[in-house]
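Below you will find the structure I want to go over with you.
Nothing in this text is a laboratory measurement; each read-out follows from the coordinates by a stated rule. Fair warning: this is a prediction, and the values are worked out from it, not measured in the lab. Virtual Cβ from ideal backbone geometry, glycine too; neighbours counted across all protein chains shown.
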Amino acid sequence: MGEKEVHTERVCAQFHRAIELIGRRWTGAIIFSLTQKPRRFSDFKDAIPELSDRLLTERLKELEDEGVVVREVSTGRPIQVVYRLTAKGAALQPVFDAIGQWAHRHPPAEQEAVR
């Protein structure tokens, strides 16, 4: 028998950077909640109750810096701050839809054992 040809492709740096961004703890949940609607800071508590204010602040800032989320401050009284996805962030919608479909088709291993 002939030797098997081993073909190793390097992971694209841009792909890796994108996966690291959306794969950070709580970031996916934040982006997903913003695919549903823009949110005020306090609205995230209803969508992601386990998320601490400190981590939410940190992740929103990272997403702003990456151009995925925009922070809008109203000029009226009382002042309100709303977070929404930018066009770059909204382009993730099909990705999150696909992940959701995959997650429902392939539950975690411990749920498989219960079935």
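Confirm whether Arg24 is within 21 Å of Ala103 (Cβ to Cβ) and part of a loop (DSSP other than H, G, I, E, B).
yes
Identify all residues within region 72-98 that are polar (S, T, N, Q) and in contact with a helix residue (DSSP H, G or I) (Cβ under 7 Å, 6 or more places away or on another chain); write none if there are none.
If the condition is that a residue be polar (S, T, N, Q) and in contact with a helix residue (DSSP H, G or I) (Cβ under 7 Å, 6 or more places away or on another chain), then Gln93 is the only one that fits.
Quickly run through region 38-71 and pick out the residues that are assigned to a loop (DSSP other than H, G, I, E, B), over 16 Å from Ala18 (Cα atoms) and touching a residue at least 12 places away in the same chain (Cβ under 8 Å).
Pro38, Phe41, Ile48, Leu51
Specify the residue that is surrounded by the fewest Cβ atoms within 10 Å (Cβ to Cβ); the eligible residues are those in region 72-93 that are in contact (Cβ under 8 Å) with a residue 12 or more places away in the chain and assigned to a loop (DSSP other than H, G, I, E, B).
That would be Gln80.
Test each condition in (1) exposed (fewer than 12 other Cβ atoms within 10 Å of the Cβ); (2) without any contact (Cβ under 8 Å) to a residue 12 or more places away in the chain; (3) of a type outside the set (Ser, Thr, Tyr) for Arg25 and report the one that comes out false.
For Arg25, the exception is condition (2).
Sticking with this one: Give me the residue from region 94-112 that is farther than 15 Å from Leu34 by Cβ and of a type in the set (Asp, Glu) and, out of that set, surrounded by the fewest Cβ atoms within 10 Å (Cβ to Cβ).
The residue in question is Glu110.
What is the number of the single condition among (1) under 14 Å from Phe32 (Cα atoms); (2) among the charged types (D, E, K, R); (3) touching a Gly at 6+ places or on another chain (Cβ under 9 Å) that Arg84 does not meet?
All conditions pass for Arg84, except number (3).
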